[in-house]
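Enquirer: Sending over a structure as structure tokens; questions will come in a sec.
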Amino acid sequence: MSPPLELTSIPPWAVAPLCPDADLTGRHWTVLAIGDDDAAAAIAAEWNDQITAHRPDARPRVHVVDDAGAACEALDADLADAVVGWRLLLAGPAHTCLRVRARALELGAGDDEITVASTEVATREILCAHCRTITTARVELTGTLPCAGCGCKLFVYYHVSRRLGTHLGFAAAAHHRGTQ
Amino acid sequence: MMEVVDIDDAVTGIRTLTLARPDRGPLPSFTPGSHIVIEHGGGANAYSLTGETAAPREYVVSVLECLDGRGGSRWIHRGLSVGDTVRVREPRSAFAPVLRARRHLLIAAGIGITPMVSHLRSARRWGRDVQLLYIHREGRGAYADEIKALTDHARFFTDRASFVAELVAILAGSPFGTHAYVCGPGPFIDDVVALAIDLGWPPSRIHVEHFGGELAPGEPFEVELVRSGETFVVDSGVSLLEALEAQGKTVPSMCRQGVCGECRVPVRSGVVLHRDLYLSQAERDAGDAMMACVSRAAGRLEVDL
């Protein structure tokens, strides 16, 4: 039996593509668009317009990058001299947004300082609870997949680590392994 | 029960009590920003603990005398002497430092300095980056010497304009990761929070401690308990919670200052004068619940008890 997802650690934008408006309550913004298609960049452009319409003097820092690693580097650089009032607006595939959110949380950001628009939610990163390998695959919640590290058949649990940005996977038949 | 072992009236209008166990044994440690509740004849009031937080042998509180309050502070100022015993409930934490904060910005007005003293103590012990802005009336600056001994990053103000100018500059330029802690009279807290929000601060970085003096005693009102049909009058200066307890009713309660939400009672009808800090506007508009510790009614009230 699956619990209602709003009671789990899975954010709504990781199960369905979502495109919220820019958070205009801040005073400084980093806008990060991740991905090689134009979907995220288009959202970033829209957010940039919303911010500058709201505060003509605002100078949002907009970065269009290929992957989560590059996004995290841009995030680190922007946060080095940021002051309270800073907001992160993040657009891209949900699994990369989860990674970048984890980095932002690690750097001290709060949930009310991060806005996420997801352009794709089919791909997930699954952390194997047994060998700690992360497998990236197109897989549903409560689906199964083989771990790229230990080959275990992993059950994709409805839990996302805020710290790592990965879904939790564990051996679907774990209870057999110890007893045989 | 605790014994009053010292009284300090050095700052006009503010009495500092040092309390200890009658056997002088160790007391429960507490989180910075914690308060105790001291009971008095007509009720109970919460006061921030300003002393040592770890395995203390004394609890220290400072009490501003409120002449138009319910009488708790008047009793502490005029009725208590060294050697008296008072009934005290254990420390409760509702204003703790956020340990992952990069900087702690403490903003206090008047007697609102009290919870900041234990914050400063803990910041010094653990080497945390802390900054204090403290506005008080001329000659009424409690804990000034102690603060100066605890930090080099305290600014004292006695005029509003220079305080606000400094506050705006600091709120606008606080490094990312800063958390702000605000304590003082209600309107002061509202002003500081509004300023911070306007400067882009998210709610998760703003922490407030409401100690805005005591509430006005209010007008008497009549209450009917619809389940039992009992009717009684809640006098001026007596809370609905106290009146219910006097009737032998058991209502869960904790803070008795409209903060914790424990003493919520269902309302069948009546015009409720909400004075708590717990119910949302939507819940107030629904009109079917009230906080018995602080809220009152205009005219007749029917309570679903």
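Enquirer: In the stretch A:5-27, how many are buried (at least 20 other Cβ atoms within 10 Å of the Cβ) and either within 11 Å of chain B (Cβ to nearest Cβ) or not in a loop (DSSP other than H, G, I, E, B) (or both)?
Expert: Adding up the residues that qualify gives 3.
Enquirer: From the list B:140, B:160, which residue is within 26 Å of residue B:14 (Cβ to Cβ), touching a residue at least 40 places away in the same chain (Cβ under 8 Å) and open to solvent by 20 Å² or more (accessible area, probe 1.4 Å)?
Expert: B:140
Enquirer: Here's something else I'd like to know. Return a yes/no flag: does the stretch B:103-122 have any residue that is surrounded by fewer than 14 Cβ atoms within 10 Å (Cβ to Cβ) and modelled with pLDDT under 95. Walk me through how you get there before you give the answer.
Expert: In the first step, residues of the stretch B:103-122 are kept if they are surrounded by fewer than 14 Cβ atoms within 10 Å (Cβ to Cβ); the result is none.
Checked the stretch B:103-122: no residue is surrounded by fewer than 14 Cβ atoms within 10 Å (Cβ to Cβ) and modelled with pLDDT under 95.
Enquirer: Scan (1) open to solvent by 30 Å² or more (accessible area, probe 1.4 Å); (2) over 22 Å from residue B:53 (Cβ atoms) for the single condition residue B:135 breaks and write down its number.
Expert: (1)
Enquirer: If you don't mind, another one. Just give me the residues in the stretch B:247-266 being surrounded by fewer than 19 Cβ atoms within 10 Å (Cβ to Cβ), over 23 Å from residue B:186 (Cβ atoms) and in contact with a strand residue (DSSP E or B) (Cβ under 8 Å, 6 or more places away or on another chain), in sequence order.
Expert: B:247, B:249, B:251, B:266
Enquirer: Tell me the strands (runs of 3 or more DSSP E) entirely within the stretch B:187-299 that contain at least 3 residues that are among the β-branched types (Val, Ile, Thr). Explain how you work it out, then say what you get.
Expert: Working: elements: B:206-210, B:221-225, B:231-234, B:264-273, B:289-291.
Qualifying strands (runs of 3 or more DSSP E): B:231-234, B:264-273.
Enquirer: Kindly check whether there is at least one residue in the stretch A:137-146 that is under 11 Å from the mean Cα position of the chain (by Cα), open to solvent by less than 50 Å² (accessible area, probe 1.4 Å) and not β-branched (Val, Ile, Thr). Step through it out loud before you land on a result.
Expert: So in the stretch A:137-146, the residues under 11 Å from the mean Cα position of the chain (by Cα) come out as none.
Within the stretch A:137-146, not a single residue is under 11 Å from the mean Cα position of the chain (by Cα), open to solvent by less than 50 Å² (accessible area, probe 1.4 Å) and not β-branched (Val, Ile, Thr).
Enquirer: Just give me the residues in the stretch A:58-73 being surrounded by fewer than 16 Cβ atoms within 10 Å (Cβ to Cβ) and either within 11 Å of the chain's Cα centre (by Cα) or within 13 Å of chain B (Cβ to nearest Cβ) (or both), in sequence order.
Expert: If the condition is that a residue be surrounded by fewer than 16 Cβ atoms within 10 Å (Cβ to Cβ) and either within 11 Å of the chain's Cα centre (by Cα) or within 13 Å of chain B (Cβ to nearest Cβ) (or both), then A:58 is the only one that fits.
Enquirer: Are any of the residues in the stretch B:103-123 basic (Lys, Arg) and within 14 Å of chain A (Cβ to nearest Cβ)?
Expert: Looking only at the stretch B:103-123, we keep the residues that are basic (Lys, Arg), and these are B:103, B:121.
Remaining after also requiring within 14 Å of chain A (Cβ to nearest Cβ): B:103.
The answer is yes, given that some residue of the stretch B:103-123 is basic (Lys, Arg) and within 14 Å of chain A (Cβ to nearest Cβ).
Enquirer: Within the stretch A:28-44, work out how many residues are touching a residue at least 12 places away in the same chain (Cβ under 8 Å) and either of a type in the set (Ser, Thr, Tyr) or open to solvent by 50 Å² or more (accessible area, probe 1.4 Å) (or both). Spell out the reasoning first.
Expert: Applying the first criterion (touching a residue at least 12 places away in the same chain (Cβ under 8 Å)) to the stretch A:28-44 yields A:28-37, A:39-41, A:43-44.
Cutting the leftovers down to either of a type in the set (Ser, Thr, Tyr) or open to solvent by 50 Å² or more (accessible area, probe 1.4 Å) (or both) gives us A:28, A:30, A:36-37.
Selection size over the stretch A:28-44: 4.
Enquirer: Looking only at the stretch B:176-202, which residues are within 22 Å of residue A:28 (Cβ to Cβ) and surrounded by fewer than 16 Cβ atoms within 10 Å (Cβ to Cβ)?
Expert: B:194, B:197, B:198, listed by residue number.
Enquirer: Checking residue B:54 against (1) open to solvent by less than 20 Å² (accessible area, probe 1.4 Å); (2) in a loop (DSSP other than H, G, I, E, B); (3) closer than 26 Å to residue B:125 by Cα: exactly one of these is not met. Which one?
Expert: Tallying (1) open to solvent by less than 20 Å² (accessible area, probe 1.4 Å); (2) in a loop (DSSP other than H, G, I, E, B); (3) closer than 26 Å to residue B:125 by Cα, residue B:54 fails exactly one: (1).
Enquirer: Do we find a residue being surrounded by fewer than 19 Cβ atoms within 10 Å (Cβ to Cβ), under 16 Å from residue A:10 (Cα atoms), under 14 Å from the mean Cα position of the chain (by Cα) and in contact (Cβ under 8 Å) with a residue 12 or more places away in the chain anywhere in the stretch A:104-113?
Expert: Looking through the stretch A:104-113, at least one residue is surrounded by fewer than 19 Cβ atoms within 10 Å (Cβ to Cβ), under 16 Å from residue A:10 (Cα atoms), under 14 Å from the mean Cα position of the chain (by Cα) and in contact (Cβ under 8 Å) with a residue 12 or more places away in the chain.
Enquirer: Of (1) open to solvent by 10 Å² or more (accessible area, probe 1.4 Å); (2) within 14 Å of chain A (Cβ to nearest Cβ); (3) modelled with pLDDT of 95 or more, residue B:100 satisfies all except one. Which?
Expert: Condition not satisfied by residue B:100: (3).
Enquirer: For residue A:95, all conditions in the list (1) touching a residue at least 40 places away in the same chain (Cβ under 8 Å); (2) out of contact with any Ser or Thr (no Cβ under 8 Å at 6 or more places or on another chain) hold save one; what is the number of the exception?
Expert: (2)
Enquirer: Residue by residue through the stretch B:129-177, note down the ones that are within 14 Å of chain A (Cβ to nearest Cβ) and either under 23 Å from the mean Cα position of the chain (by Cα) or at pLDDT below 95 (or both). Quick ask: steps written out before the conclusion?
Expert: We begin by selecting, within the stretch B:129-177, every residue within 14 Å of chain A (Cβ to nearest Cβ); these are B:129, B:131, B:167-177.
Those that are within 14 Å of chain A (Cβ to nearest Cβ) and either under 23 Å from the mean Cα position of the chain (by Cα) or at pLDDT below 95 (or both): B:131, B:167.
Enquirer: Which condition does residue A:165 not pass, out of (1) over 23 Å from residue A:38 (Cβ atoms); (2) open to solvent by 10 Å² or more (accessible area, probe 1.4 Å); (3) not β-branched (Val, Ile, Thr), if it passes all the others?
Expert: The number of the failed condition is (2).
Enquirer: Given the condition without any contact (Cβ under 8 Å) to a residue 60 or more places away in the chain, closer than 30 Å to residue A:87 by Cβ, more than 14 Å from every other protein chain (Cβ to nearest Cβ) and hydroxyl-bearing (Ser, Thr, Tyr), answer yes or no: does some residue in the stretch B:271-279 qualify? So that I can check it myself, show each step before the final result.
Expert: We begin by selecting, within the stretch B:271-279, every residue without any contact (Cβ under 8 Å) to a residue 60 or more places away in the chain; these are B:271-274, B:276, B:278-279.
From what is left, the residues that are closer than 30 Å to residue A:87 by Cβ are B:278-279.
From what is left, the residues that are more than 14 Å from every other protein chain (Cβ to nearest Cβ) are B:278-279.
With the extra rule that they be hydroxyl-bearing (Ser, Thr, Tyr), the set shrinks to B:278.
Among the residues of the stretch B:271-279, at least one is without any contact (Cβ under 8 Å) to a residue 60 or more places away in the chain, closer than 30 Å to residue A:87 by Cβ, more than 14 Å from every other protein chain (Cβ to nearest Cβ) and hydroxyl-bearing (Ser, Thr, Tyr), which makes the answer yes.
Enquirer: If we only count strands (runs of 3 or more DSSP E) wholly inside the stretch A:74-177, which ones have 2 or more residues that are away from chain B (no Cβ under 14 Å) and in contact with a helix residue (DSSP H, G or I) (Cβ under 6 Å, 6 or more places away or on another chain)?
Expert: Values: elements: A:86-93, A:114-120, A:123-128, A:134-138, A:144-146, A:153-160, A:167-171.
The strands (runs of 3 or more DSSP E) meeting that bar are A:86-93, A:114-120, A:123-128.
The values are calculated or read from the model by the stated rules, or taken from the named source; none is laboratory data. As the structure is a prediction and not an experimental result, all values here were calculated from the model. We place every Cβ from the backbone using ideal geometry, glycine too, and count neighbours over all the protein chains shown. Each accessible area value is taken on the protein alone, full model and side chains, heavy atoms only, with ligands, DNA and RNA left out. Shrake-Rupley method; radii C 1.70, N 1.55, O 1.52, S 1.80 Å.
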